[in-house]
1. Please specify each residue of region 17-44 satisfying the condition of being buried (at least 19 other Cβ atoms within 10 Å of the Cβ) and in a loop (DSSP other than H, G, I, E, B).
2. Within region 535-548, does at least one residue satisfy the condition of being touching a residue at least 12 places away in the same chain (Cβ under 8 Å), of a type outside the set (Asp, Glu), under 22 Å from Phe41 (Cα atoms) and out of contact with any helix residue (DSSP H, G or I) (no Cβ under 7 Å at 6 or more places or on another chain)?
3. How many residues are surrounded by fewer than 16 Cβ atoms within 10 Å (Cβ to Cβ) and modelled with pLDDT of 90 or more when one looks only at region 263-278?
4. Mind checking which residues of region 138-165 are under 17 Å from Ile203 (Cβ atoms) and either modelled with pLDDT under 95 or of a type in the set (A, V, I, L, M) (or both)?
5. Name the single residue that is modelled with the lowest pLDDT among those in region 517-550 being among the basic types (Lys, Arg), assigned to a loop (DSSP other than H, G, I, E, B) and within 30 Å of Phe11 (Cβ to Cβ).
6. Scan region 290-303 and give yes if some residue there is in a helix (DSSP H, G or I) and either surrounded by fewer than 19 Cβ atoms within 10 Å (Cβ to Cβ) or modelled with pLDDT of 50 or more (or both), otherwise no.
7. Go through (1) modelled with pLDDT under 95; (2) under 22 Å from the mean Cα position of the chain (by Cα); (3) in a helix (DSSP H, G or I) for Val242 and report which single condition fails.
8. Could you tell me how many of the residues in region 220-234 are more than 18 Å from Gly208 (Cβ to Cβ) and surrounded by fewer than 18 Cβ atoms within 10 Å (Cβ to Cβ)?
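The values are calculated or read from the model by the stated rules, or taken from the named source; none is laboratory data. Treat the numbers as computed from the prediction; the structure is a model and nothing was measured. Here Cβ is always computed from backbone atoms with ideal geometry, including for glycine, and neighbour counts include all displayed protein chains.
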Amino acid sequence: MVNKIKLLYLFPDVAYTADLVSAKSDGSFAIQAFHQVNGQFIDQDNFIHQNIDKLFAKLEKTTYQLVLPDYLFTNTIVNVSETEDDKIAAYLKNSLLPSLGINTHDYNIDTTILTTLKGSTKVQLSAIEKSLLSPVRVFADKHQIEITTVSPITWTLKSVISLEPSISLVQIGESVYAGLHYIGVDQTNMAKLNELEILAETIKTLKGSEPNIQTIYLISNALVEDRLKKVLSTTLPVQQLVTNRDDENKIPPYLKFAIESGARTLSIADYPVPKFELGKPDETEKEAVFNRTTIEEVPEKSQTQDVKTKAAEAITAAATVVTTKNTMKKLSLDDTTNQTPNDKATQSDLPEPTAKSDASTKPDSTEEKVKVQEENLEVKNVDQSQQPAENKTETKKAEDVDISQFAYAKKSETGQENKQKGGNKMLKMIFIAIAVFFATVAIGAGIGFGLLTLTNKNAQEETKVTVVTPAPKPTNTPTPTTAQAVTEPLSILVANATTKAGYAGATKDKILEANKNAKENVLKEVTAANAKGEYKKPDAANTQLLLMTKKNDTVKAALEKATGFKLEYADGIKTEDPNGKYDVVIVLVQ
């Protein structure tokens, strides 16, 4: 087993690097240095070229093992009606893989025999499209960074997940990644933090089709834990693996646990984790990637989702839990590239960590403090108009908050009706002007008649006449004010500029809860993300920054009431929202 390991986690909204050293004789690791970079690195199923380039330019020029989201891979378990290795390999190569549209020329493929029972074999199939990794391969080469292996996140948790059928849930960035474990990994899923209830429904469905599932193992913060336990308490027991809540090193405990567990899993050869080689780019590939000069250009959707869909269709009903020793060994598909078959290992050879033994993998409390770095990668937002709209979720009830001040006037007129209404107003103004004119003439005639009468009565008396000038016509120009009413639903971005994990998500939940208690729905959307700019903390405590193109004290007061923060106007909305997608940006700075 290795004594040192360096990991690179590359996810849609954040990237981490961690230097780890072996902490104990049991194979556990402890983080010595940690670096976090905030930014948008993956859109849908594709890497954002310029942002990967900027990220790798910031990283230390050294060797990493890369960990990616599960949805970029095909991870599935299939039943094969063969028991001999050569026949299984022939079936996969000549029948199954071609039917799924997977070939060794376009895909990195890893296959492992999991169990053999009653003339049938369970085979783990993992694959990733080579072209998908092109920007990683090219920019790693450009910045002299060596990536030895590429693996999916759920597989890296095998060292802390029981060998009984179970589900793992791990929080990374603003998402939670789920996977079904039974020796191998199947049925991987992902959900945003505001979609946990949807993920819970998926788990309930999975439990219905796989009754052997025993436990949900959770690696997350306390807020996610509370919400999942609330909706899954009657389905499966939820066991939180993170018991250490110490945040003194500024690394969220759940993230620290996931990374240290990943290092342990990847360093033990007996765990059949898919480890794909990245390889070196050729000149044609370099030219194709370098020609992609703008991150606004959304890449064509890869075939990864199609592969996963087809592979899912190939899954047959799950086999009964096998209590005897089950063979786990890599299969060679002859011309399959980027595979390093492992020696045979049996299930009994593998450790079976439990909740109790998991605690032993944590480093001693006397360990050296971790060096932590965090920075924001300033990038433009990619057009996300095609992404699914966020769903409102049920959260832990906060204080009763009234944001009815957000209430807006509903627009019922069509454009044509508005135009007609505007024309009617103009006619009214003309009639008013004519009326004022005739009234002025009448007043002038009356005054003239009065003057003539007074002159005849007393020619010696001087009479002063005051001429009344009619008031100017009213105009439709509104007086600018910072207390304008809200006329249409608001789009709000909550950006976290601190090192507190889940801070933006928790604030977003408060706003959603307040809107839920309001008389009318006044929110179009609320999005949580990491901040891209750098900001100075206000002097006053519990004060955050409010970015708006036009100040609006009504909105400010309502958001202060909803969030419990004091908000201070600041500049820089273009940094967080370069495409002008949001009406309001709240930047959490303390």
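1. Ala23, Ser28, Gly39, Gln40, Phe41
2. First, pick out the residues of region 535-548 that are touching a residue at least 12 places away in the same chain (Cβ under 8 Å): 535-538, 540-548.
In the following step, the residues that additionally are of a type outside the set (Asp, Glu) were identified as 535-538, 540-548.
Of the ones still in play, those that are also under 22 Å from Phe41 (Cα atoms) are none.
No, because not a single residue in region 535-548 is touching a residue at least 12 places away in the same chain (Cβ under 8 Å), of a type outside the set (Asp, Glu), under 22 Å from Phe41 (Cα atoms) and out of contact with any helix residue (DSSP H, G or I) (no Cβ under 7 Å at 6 or more places or on another chain).
3. Residues meeting the conditions: 1.
4. Of region 138-165, the ones under 17 Å from Ile203 (Cβ atoms) are 154, 157, 161-162, 164-165.
If the condition is that a residue be under 17 Å from Ile203 (Cβ atoms) and either modelled with pLDDT under 95 or of a type in the set (A, V, I, L, M) (or both), then Leu157, Ile161, Ser162, Glu164, Pro165 are the ones that fit.
5. Step one: filter region 517-550 for residues among the basic types (Lys, Arg), giving 519, 524, 532, 536-537, 550.
Next, from what is left, pick out any that are assigned to a loop (DSSP other than H, G, I, E, B): 519, 532, 536-537, 550.
Adding the requirement that they be within 30 Å of Phe11 (Cβ to Cβ) leaves 532, 536-537.
Details: Lys532: 84, Lys536: 88, Lys537: 89.
So, considering only residues that are among the basic types (Lys, Arg), assigned to a loop (DSSP other than H, G, I, E, B) and within 30 Å of Phe11 (Cβ to Cβ), the one modelled with the lowest pLDDT is Lys532.
6. Initial filter on region 290-303 (in a helix (DSSP H, G or I)): 290.
Filter again for either surrounded by fewer than 19 Cβ atoms within 10 Å (Cβ to Cβ) or modelled with pLDDT of 50 or more (or both), leaving 290.
So far as region 290-303 goes, yes, one or more of its residues are in a helix (DSSP H, G or I) and either surrounded by fewer than 19 Cβ atoms within 10 Å (Cβ to Cβ) or modelled with pLDDT of 50 or more (or both).
7. That leaves (3) as the condition not met.
8. Pass one, region 220-234, residues more than 18 Å from Gly208 (Cβ to Cβ): 220-227, 229-230.
Those left that are additionally surrounded by fewer than 18 Cβ atoms within 10 Å (Cβ to Cβ): 222, 226, 229-230.
Qualifying residue count, region 220-234: 4.
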